[in-house]
Amino acid sequence: MSAMGGTMEQYQRILVTSCKGGVGKSTVSANLANALIKRGKRVLLVDMDLGNRSLDIMLGFEDSALFDVCDVAAGRASAERALLCSEGREGMFFCPAPYLFDGDLTAEGLNSALLAMEAYCAPDYTILDTSGGADCSVQLSAECAKRAIIVTTPAPTAVRAAEKSGDLLVGHGVEDLMLVVSGMETDPRNAGEHYGVNEMIDRTSVRIVGIVPRDAKLALLGERGLLCGENKRIKAISERAFDNIAARLDGEQVPLLYKVRGIRNRKKLLMSGRGSR
Ligand SMILES: Nc1ncnc2c1ncn2[C@@H]1O[C@H](COP(=O)(O)OP(=O)(O)O)[C@@H](O)[C@H]1O
Ligand SMILES: [Mg+2]
């Protein structure tokens, strides 16, 4: 047990969530895991979207996802059998969500599955990609983790959902909340009714650890089962943004948009939006 009341593993685990679907949680989970292994870290990435799994496709494991986190929890599969690895992603271990969740997973079951997988792959970080909405995937994950990344877009509806996520997570005993803004317009002239960064921090009261620009290449990569940097012809401007989040998690002080390409007016981008008018 640590001084703060959780186990060492619970502080190593980061759940990625938002009360809203489609804001980029799975994209952040997968590409953050990739950025961390590029730094030499080991990462266990668990698809906890029990309603609609998608990481298996985004990681190129669509046909090889045989066992899932519920199988490990129920003792139907060992960690070794359930975890998927791929060449070129040294240090990344992936556990799929069930294709069809039958409701049979408790926090104790999830915790024991995570412990078994962590004992097998010895990760520096365990990333739990949860579903949008306040369903049991978030609740179960929150019972097992003390840290969380809330993902939001700069759109007012998504920021409202992020605010709510923060409240829910604190209620579940999560201690360290971080905010990642995904889909930030690269040109402030297109930001419309979007919030600026300062206002997002004010509204959510959560410290910001990353800004991922709006990047159409992410969808293309995801549909092909690829992560940023894995295809020379698909150059994602967001790759650096994920590297920056990984660096910050590792305790390095890097500016939010350090070396992120394609941003037109950084200062305006950070300050622009509803709050500045
Ligand atoms: N920064 C971004 N810029 C543009 N599109 C993005 C960005 N992040 C995610 N997307 C796309 O948005 C869609 C939803 O992303 P996903 O990560 O599946 O969201 P969630 O897990 O929150 O439901 C996907 O098609 C994904 O490729
Ligand atoms: Mg998702």
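The values are calculated or read from the model by the stated rules, or taken from the named source; none is laboratory data. All figures in this text were calculated on a predicted structure; none of them were measured in a lab. Cβ atoms come from the backbone with ideal geometry, glycine included; neighbour counts cover every protein chain shown.
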| request: For region 192-234, enumerate the residues that are within 14 Å of ligand 1 (Cβ to nearest atom), surrounded by fewer than 22 Cβ atoms within 10 Å (Cβ to Cβ) and part of a loop (DSSP other than H, G, I, E, B). | output: R214, A216, R224, G225, L226, I234
| field | Listing of helices (runs of 4 or more DSSP H) fully contained in region 1-65 that carry 2 or more residues being within 16 Å of ligand 2 (Cβ to nearest atom), among the polar types (S, T, N, Q) and under 21 Å from S137 (Cβ atoms) | value | 25-38
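Condition check ((1) among the polar types (S, T, N, Q); (2) modelled with pLDDT under 95; (3) within 15 Å of ligand 1 (Cβ to nearest atom)) across all residues:
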{"site": "V16", "(1), (2), (3)": "no, no, yes"}
{"site": "K20", "(1), (2), (3)": "no, yes, yes"}
{"site": "V23", "(1), (2), (3)": "no, no, yes"}
{"site": "L45", "(1), (2), (3)": "no, no, yes"}
{"site": "S64", "(1), (2), (3)": "yes, yes, no"}
{"site": "A77", "(1), (2), (3)": "no, no, no"}
{"site": "E80", "(1), (2), (3)": "no, no, no"}
{"site": "C95", "(1), (2), (3)": "no, no, no"}
